[in-house]
Amino acid sequence: MEYVSFEGLRLDGRRANEIRRPRHAFAIDAQCDGSARFELGNTVIECRVDGPSERKFGGAEEGASEACALTCSHGRSAFASDGVQAGRKGDGRSKQFESVLAKALTSAVCVDLMPRCEVQVRTTVLCDDGGARAASACAAVLALADAGIPLKGIIGSCTVGHLDGEALIDVNRDEERGRGPELWTCALSAGDVPDDDENEDDGEDHLMGATGNHITVIVEELERGKTTMETFKSMHDLALAGCETSARYLRISLRARTRALAATRALEKF
Amino acid sequence: MAIARVAASRETMRRASDGRVIGGRLARGVRAVRRERYVRDDVYVGYHHEDVEATHRGPAGERRWDVLRPRRGADGARRIALIDSNVALHQLDALADGRVRDVVICATVMEETRARSRSSYERLREMCRDVEKRFYVFSNEHHGETYVEDVAGESANDRNDRAIRAAAAFYRRAIPVSACERVTLVTNDRANARKAREEGIDVMNVLDWMRTISDEASLTDLVVPGGGAEIPDERESKRARAAGSSSAPKFDEHLDAGSIKEGLAKGELVKGLIRTSLYNPFEAHVTNEETGESVFLSGRAAMNRAFDGDSVAIEILPESEWLRPGSKIVTSDIEDDAAATTSTDDESGGLAPETAEETDIVGAVATGAKSGVVPTGKVVGIIRRNWRERGYAASIDMGKDGKGPKATGAGFTTRVLCVPSDRRFPKIRIQTRQLEGLLDQRIVVVVDDWPADSAYPEGHYVKSLGVIGTVDAETQALLLENDVDDRPFAPAVFACVPALPWRVTEHHLAEPGREDLRDLLVCSVDPPGCKDIDDALSARELDDERIELGVHIADVTSFLHPNTAMDEEAARRGTTTYLVQRRLDMLPGALTTDICSLVGGEERLAFSAFWIVNKSTMLPDETIKPRFTKSVIKSAAALTYEQAQLRIDDATLNDDLTLSLRRLRDIARRLRKRRMENGALTLASPEVKFEMDQQSSDPLDVGMYVTRETNQMVEEMMLLANVSTAERILEAYPAAAMLRRHPIPEQKMFEPLLKTAKACGIDIDPSTNRSLAATLDAAVRPGDSYFNTLLRLQATRCMSQAVYCSSGQYAGPERMHYGLAMPLYTHFTSPIRRYADVIVHRLLSAAIGLCPRHESLESSDHVKAIADVCNIRHRNSQHAGRASVELHTLVFFRKRKIVVDARVFKVRANGLIVFVPKFGIEGPVLFHEEKNDAVLDEDAMTVTSGGKTWKIFDQVTVQVEVEQLPAHRSRLLITVVPDDTPRGEAQ
């Protein structure tokens, strides 16, 4: 199997450093405090957020943290992938992901502003075409924002694979089957996007190029990982750039959403 | 970083392989797989001309060199050609020609080629990598203007043709006429051509296209007529005429794939690889893939167009039609086909085969059954062709009269037959416009097709190697036959070699884990004239009780790093090939003979192994593990075996070097003794050595290789080093160590040996290697010192070859080396000339913690894959080496006629097979055909003819000469002469 053609195009026509087309929708579920759907190509993730609400359990005992507690639960629909189920709800892999994601999101949430509260984040994989973890993190960020939870910055997330001797960003399902090492990264991007970036027609073009924002790596998880240092380095560099791209996309989406909301409420300027 | 620009999503339906219902409501066994396809507008078209729009020159950062540079052809126009899948699959030889350039290959074509023939794909890929060829692969499936949607009801082929036409139309739009006058779609498919013409695309067939490049026959001969697609009418009629007026099929039609599958499932058919007999091209056998049983095929009709090595489906005939494989030697092809011309083929005398794989298997089968008849079958279908893409060495068939085919005049197309050098293959029909020039040439032909109505396969000419019979041309031919690469190394490989003159520097000495052993007294012992010295020895006295024994191997892996062009090339070559007159290196010469070679008086990098030897036993101390380290050594002297032997034997010499040589010899003796006691076999193989004329490089004399005790000394040291290395790497990597294993032969393989021994009244017990070694040692005839060697030669042939493997493939006891009687063995001592040793070096340096284990050596499967390639390369290289000796033997005898002693090696119903020890030749002696009164007694191993009886291993006097055959061919002719004929050169 050849994952990167001689001409530098991947199986689905992308170049090594191109992520799949992202799409999103806010407030998909009126039942909860905040919700969002995030798609990366054919991977579809839904996220629901409840909170901040009063903490029901824990925290009563002495010495417990006053700060807001964020918990995650991760599930997959039965039809998410065509072949073998890659992890069910409650299995080890999924538990691990839940705790890591919770850790990552906690670092982006202004937990001190919501003492003795809890926030529940539920992510569901509707369709898994690769990169479900990265897409889940992005969906969670959108849902948190939709729920009105104060954030310190935007978490961007992406997966990077390594096949045919090349680091490939945002590997899809076909590429995941190549069994190469895979790195999932979440990074907190604290910077801002210049104001003139909101033209939605060609917003994607503005996503390109470095921003010089301050990036903090929060989570890095290497799977099937037996790589050399050089391989890891190239994957890491690409992953950072990928996180920045996705954070930028999320930031623009959020701003557009806010503007739309402001418009419906007839506010001049939020 | 970017988000992919334009996206389209395509849903593909795929049949689930296991037939389960997945994904709900779809038909049984079918599931939907949704795949995304990003269709872009920034794909580089491969042409960086200023008139080409910027978007077609690709985005920034993409490789932008000028791939296509169309030049004016014979018709005065600059041309870019797009080829279709059939051209890519069938016209590779034409495409490979250096004159064919500026070709665009659509990704669709690449994909289809890959699906249909992996090897064609690899070859095409290779051409695309060649900067000189200027072949560009255009990702048409990912370009917005060339991407075509599937249309319901359209076949995959039609869809692909449409995609290629769309690409051709796009190229015409994208590349203005000012940059290139013609953009041509090249196809032999007339339906496709018609549609393209309707769409206004410039179309040509392959032959016309080649003519625009050059009208020389050397190019147009490469074009395969028809080429797997529709054949133009004119050609069709020509072929019909050539095949004879009757178009009656000469062979049964093959079954289609579906019927074969069904037949196999029902058990009516048998699947296996077909192997043509080395002694008779009209006999073959197929080994049933499942049961391992052998089925006999007799005659070309039963073989039904199968080539040696094809995977075939056969039908077993009713028992009444079973035949007895011939125990006769067949020396001429008597074609059963009336339309065919007959010719004499060569059963030339040749070198004695060495192992079981090379001996006549059909013969072995015949001896198994009492009545002589064996299961017989016929080929009904071909599952996978094994036609060599690199072609077959052949010569033009000169016919019975030796006059050769009539040329129709220069420039006209003639259809002729070619006779492959390897007699296992049938003649191949080719068509050429340059017959005159080819008559005396050794040529390469490729087989394209074998229709049922043709007596011979159809092929095409590829190139000529030179005049038949010349050493150069025949050497080229034998390299081709054995798939040995003799091309010079690519510049990228040379770029990996450090600049000369190379010296050990402080930097090397400072490397972690490298010891400075320049003060250690080290020397090497090799054959005379050896340039690639990869091992050196040392034996230092530590105190009154202990000696430190050292083996120092060239540290090739310090220069040969994984994932470099040089490493890839070395892995591909696998081994250095030694021909009589030259050496085909695995690594570039600068490394082989200078930087890595442990020459005397120079500082070199080495990988050293040390053992502590007790003086009392003169054996390595079992309680102390051998120590491995990288080092810098300075060899005191590079000795030859002879020089070393003279030093050891000269009692007046008592210098340090001689003393350490004697120590080495003493240790080697003890090691050898211990090994023999463990049951190691001393096997015989007739190695011959040529003395060459320096100017003409003609062989002057030939003789068996002389071995001295110093040979054995070096051999023992290498064995010790190899065994210790095997233990060390296996300890570190139990599942993925590269080992060398010699399987225990099955008892039935010893049958020929046992029969011979029985006929000679000798008892051989092959149950274990120890018993075999002991009984072989005991098998001596007083007054006949060579008898034992002959028996050992036969014993050797009962065994298969040792092979490389990964330790993960076999459980403990199966990893053993039977011949050496070692539970573990590997190759560590010749990294300059064997790639397996390079791998072992890498594993060992990882095992001792000098570097991390490279990812390509992490799993057993990876190591196995490397081992498999090494095995194939090793075997090919050995075959090529032997063929080269055979060729030089022939050249040697061309000027001489020599009477020598020989031994009967096999008895046959119509002759003897004799072995000439002096020259290592084995060949047939035929009784007179007319007085066919020979009686063969298979139990006593005697044959009686003309009142004279020969028994196996009998002494005979023979005359060896070269017999000239028609069509510039020659073979060794061995005839029995009276015993009192004076030995030596005959008049």
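For the stretch B:252-282, name all the residues that are open to solvent by less than 20 Å² (accessible area, probe 1.4 Å), in contact (Cβ under 8 Å) with a residue 60 or more places away in the chain and within 19 Å of B:W387 (Cα to Cα).
B:I274, B:T276, B:S277, B:P281
In this structure, does B:R741 turn out to be more than 30 Å from B:D868 (Cβ to Cβ), touching a residue at least 24 places away in the same chain (Cβ under 8 Å) and not assigned by TED's automatic domain parsing to the domain that holds B:K625? Give the steps one after another, and end with the answer.
Numbers: more than 30 Å from B:D868 (Cβ to Cβ): no; touching a residue at least 24 places away in the same chain (Cβ under 8 Å): yes; not assigned by TED's automatic domain parsing to the domain that holds B:K625: yes.
It is false that B:R741 is more than 30 Å from B:D868 (Cβ to Cβ), touching a residue at least 24 places away in the same chain (Cβ under 8 Å) and not assigned by TED's automatic domain parsing to the domain that holds B:K625.
Has the stretch A:227-235 got at least one residue that is under 23 Å from A:R93 (Cα atoms), away from chain B (no Cβ under 11 Å) and modelled with pLDDT of 80 or more?
As a first pass, look at the stretch A:227-235 and keep what is under 23 Å from A:R93 (Cα atoms): A:227, A:232, A:235.
Right, trim to away from chain B (no Cβ under 11 Å) and you get A:232, A:235.
Right, trim to modelled with pLDDT of 80 or more and you get A:232, A:235.
Taking every residue of the stretch A:227-235 in turn, at least one turns out to be under 23 Å from A:R93 (Cα atoms), away from chain B (no Cβ under 11 Å) and modelled with pLDDT of 80 or more.
Suppose we filter the stretch A:104-132 for residues that are under 14 Å from A:V44 (Cβ atoms) and not polar (S, T, N, Q); how many remain?
Keep residues of the stretch A:104-132 that are under 14 Å from A:V44 (Cβ atoms), which gives A:123-132.
Among the residues that remain, those that are also not polar (S, T, N, Q) are: A:125-132.
Adding up the residues that qualify gives 8.
Please find, within the stretch A:1-48, the residue that is nearest to A:A167 (Cα to Cα) out of those that are of a type in the set (F, W, Y) and surrounded by fewer than 20 Cβ atoms within 10 Å (Cβ to Cβ). Full working, then the answer.
Restricting attention to the stretch A:1-48, the residues satisfying the condition of being of a type in the set (F, W, Y) are A:3, A:6, A:26, A:38.
Pick out the ones that are also surrounded by fewer than 20 Cβ atoms within 10 Å (Cβ to Cβ) and you get A:6, A:26.
On the way: A:F6: 15, A:F26: 32 Å.
Across the stretch A:1-48, the extreme among qualifying residues is A:F6.
Considering only residues that are surrounded by fewer than 16 Cβ atoms within 10 Å (Cβ to Cβ), of a type outside the set (S, T, Y) and within 14 Å of another protein chain (Cβ to nearest Cβ), which ones fall in the stretch B:544-589?
B:H561, B:P562, B:N563, B:A565, B:E568
I'm trying to understand the selection: among the residues of the stretch B:749-770, which are touching a residue at least 60 places away in the same chain (Cβ under 8 Å) and touching a helix residue (DSSP H, G or I) at 6+ places or on another chain (Cβ under 9 Å)?
Of everything in the stretch B:749-770, those that are touching a residue at least 60 places away in the same chain (Cβ under 8 Å) and touching a helix residue (DSSP H, G or I) at 6+ places or on another chain (Cβ under 9 Å) turn out to be B:M749, B:E751, B:P752, B:K755, B:T756, B:C760, B:R770.
How many of the residues making up the stretch B:206-238 are modelled with pLDDT of 80 or more and surrounded by 16 or more Cβ atoms within 10 Å (Cβ to Cβ)?
Taking the stretch B:206-238 and keeping what is modelled with pLDDT of 80 or more, we get B:206-224.
Now drop any that are not surrounded by 16 or more Cβ atoms within 10 Å (Cβ to Cβ), which leaves B:206-207, B:209-213, B:217-224.
Residues flagged as modelled with pLDDT of 80 or more and surrounded by 16 or more Cβ atoms within 10 Å (Cβ to Cβ) within the stretch B:206-238 amount to 15.
Let me spell it out: the conditions are (1) buried (at least 24 other Cβ atoms within 10 Å of the Cβ); (2) more than 14 Å from the chain's Cα centre (by Cα); (3) within 11 Å of another protein chain (Cβ to nearest Cβ), and A:I149 meets all of them except one. Which number is the exception?
Failing condition for A:I149: (3).
Limited to the stretch B:25-68, what total is found for residues that are within 12 Å of chain A (Cβ to nearest Cβ), in a loop (DSSP other than H, G, I, E, B) and modelled with pLDDT of 70 or more?
Total meeting the criteria: 8.
Considering every residue within the stretch B:843-860, establish whether at least one is among the hydroxyl-bearing types (S, T, Y) and buried (at least 24 other Cβ atoms within 10 Å of the Cβ). Show your work before the answer.
Narrowing the stretch B:843-860 to residues among the hydroxyl-bearing types (S, T, Y): B:845, B:856, B:859-860.
Among the residues that remain, those that are also buried (at least 24 other Cβ atoms within 10 Å of the Cβ) are: none.
No, there is no match, as no residue in the stretch B:843-860 is among the hydroxyl-bearing types (S, T, Y) and buried (at least 24 other Cβ atoms within 10 Å of the Cβ).
If you go through the stretch B:432-448 one residue at a time, how many are at pLDDT below 85 and open to solvent by 30 Å² or more (accessible area, probe 1.4 Å)?
The qualifying residues number 6.
So is B:H874 open to solvent by 20 Å² or more (accessible area, probe 1.4 Å), out of contact with any Phe, Trp or Tyr (no Cβ under 7 Å at 6 or more places or on another chain), assigned to a loop (DSSP other than H, G, I, E, B) and of a type outside the set (D, E, K, R) or not?
On the way: open to solvent by 20 Å² or more (accessible area, probe 1.4 Å): yes; out of contact with any Phe, Trp or Tyr (no Cβ under 7 Å at 6 or more places or on another chain): yes; assigned to a loop (DSSP other than H, G, I, E, B): no; of a type outside the set (D, E, K, R): yes.
So B:H874 fails the test.
What's the number of the condition A:G130 fails, among (1) on the phi > 0 side of the Ramachandran plot; (2) open to solvent by 30 Å² or more (accessible area, probe 1.4 Å); (3) at pLDDT 85 or above?
All conditions pass for A:G130, except number (2).
Output the number of residues of the stretch B:616-644 satisfying the condition of being closer than 15 Å to B:A668 by Cβ and more than 37 Å from the chain's Cα centre (by Cα).
Within the stretch B:616-644, residues that are closer than 15 Å to B:A668 by Cβ and more than 37 Å from the chain's Cα centre (by Cα) number 4.
With away from chain A (no Cβ under 14 Å), modelled with pLDDT of 85 or more and surrounded by fewer than 22 Cβ atoms within 10 Å (Cβ to Cβ) as the only criterion, which of B:A81, B:A115, B:A88, B:A96 stands out?
Going through B:A81, B:A115, B:A88, B:A96 in turn, just one is away from chain A (no Cβ under 14 Å), modelled with pLDDT of 85 or more and surrounded by fewer than 22 Cβ atoms within 10 Å (Cβ to Cβ): B:A96.
Could you check the stretch B:472-484 and list, in sequence order, the residues that are surrounded by 18 or more Cβ atoms within 10 Å (Cβ to Cβ) and in contact with a helix residue (DSSP H, G or I) (Cβ under 8 Å, 6 or more places away or on another chain)? Working first, answer last.
Going residue by residue through the stretch B:472-484, those that are surrounded by 18 or more Cβ atoms within 10 Å (Cβ to Cβ) are B:473-482, B:484.
Scanning the stretch B:472-484 gives B:E474, B:T475, B:L478, B:L479, B:E481, B:N482, B:V484.
Which residue out of A:V119, A:V160, A:V171 is under 27 Å from A:A78 (Cα atoms), open to solvent by less than 10 Å² (accessible area, probe 1.4 Å), aliphatic (A, V, I, L, M) and touching a helix residue (DSSP H, G or I) at 6+ places or on another chain (Cβ under 6 Å)? Outline the logic, then answer.
Working: A:V119 fails: touching a helix residue (DSSP H, G or I) at 6+ places or on another chain (Cβ under 6 Å); A:V171 fails: touching a helix residue (DSSP H, G or I) at 6+ places or on another chain (Cβ under 6 Å).
So the residue among A:V119, A:V160, A:V171 that is under 27 Å from A:A78 (Cα atoms), open to solvent by less than 10 Å² (accessible area, probe 1.4 Å), aliphatic (A, V, I, L, M) and touching a helix residue (DSSP H, G or I) at 6+ places or on another chain (Cβ under 6 Å) is A:V160.
This table checks each residue for (1) within 18 Å of A:E7 (Cβ to Cβ); (2) more than 14 Å from every other protein chain (Cβ to nearest Cβ); (3) of a type in the set (D, E, K, R); (4) surrounded by fewer than 18 Cβ atoms within 10 Å (Cβ to Cβ).
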site	(1), (2), (3), (4)
B:V137	yes, no, no, no
B:N140	yes, no, no, no
B:Y171	yes, yes, no, no
B:N192	no, yes, no, no
B:M204	no, yes, no, no
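Regarding B:S320, is this residue at pLDDT 55 or above and small (G, A, S)? Outline the logic, then answer.
Details: at pLDDT 55 or above: yes; small (G, A, S): yes.
So B:S320 fits the description; yes.
Could you tell me whether any residue of the stretch B:289-300 is within 18 Å of B:R385 (Cα to Cα) and at pLDDT 85 or above? Walk me through it before giving the result.
Pass one, the stretch B:289-300, residues within 18 Å of B:R385 (Cα to Cα): B:289, B:297, B:300.
Add one more test, that the residue is at pLDDT 85 or above, and what stays is B:297.
Yes, the conditions are met somewhere in the stretch B:289-300.
Please count how many residues of the stretch A:7-32 are within 14 Å of chain B (Cβ to nearest Cβ), more than 15 Å from the chain's Cα centre (by Cα) and hydrophobic (A, V, I, L, M, F, W, C).
Going through the stretch A:7-32, the residues within 14 Å of chain B (Cβ to nearest Cβ) turn out to be A:7-24.
Among the residues that remain, those that are also more than 15 Å from the chain's Cα centre (by Cα) are: A:7-18.
Cutting the leftovers down to hydrophobic (A, V, I, L, M, F, W, C) gives us A:9, A:11, A:16.
Result for the stretch A:7-32: 3.
Quick check on B:T577: is it out of contact with any helix residue (DSSP H, G or I) (no Cβ under 8 Å at 6 or more places or on another chain), under 26 Å from B:L480 (Cβ atoms) and touching a residue at least 12 places away in the same chain (Cβ under 8 Å)? Break it down stepwise before answering.
Numbers: out of contact with any helix residue (DSSP H, G or I) (no Cβ under 8 Å at 6 or more places or on another chain): no; under 26 Å from B:L480 (Cβ atoms): yes; touching a residue at least 12 places away in the same chain (Cβ under 8 Å): yes.
The answer is no for B:T577.
The values are calculated or read from the model by the stated rules, or taken from the named source; none is laboratory data. None of these values were measured; they are calculated from a predicted model. Virtual Cβ from ideal backbone geometry, glycine too; neighbours counted across all protein chains shown. Areas reflect the complete protein model, heavy atoms only, side chains present, ligands, DNA and RNA absent. Shrake-Rupley method; radii C 1.70, N 1.55, O 1.52, S 1.80 Å.
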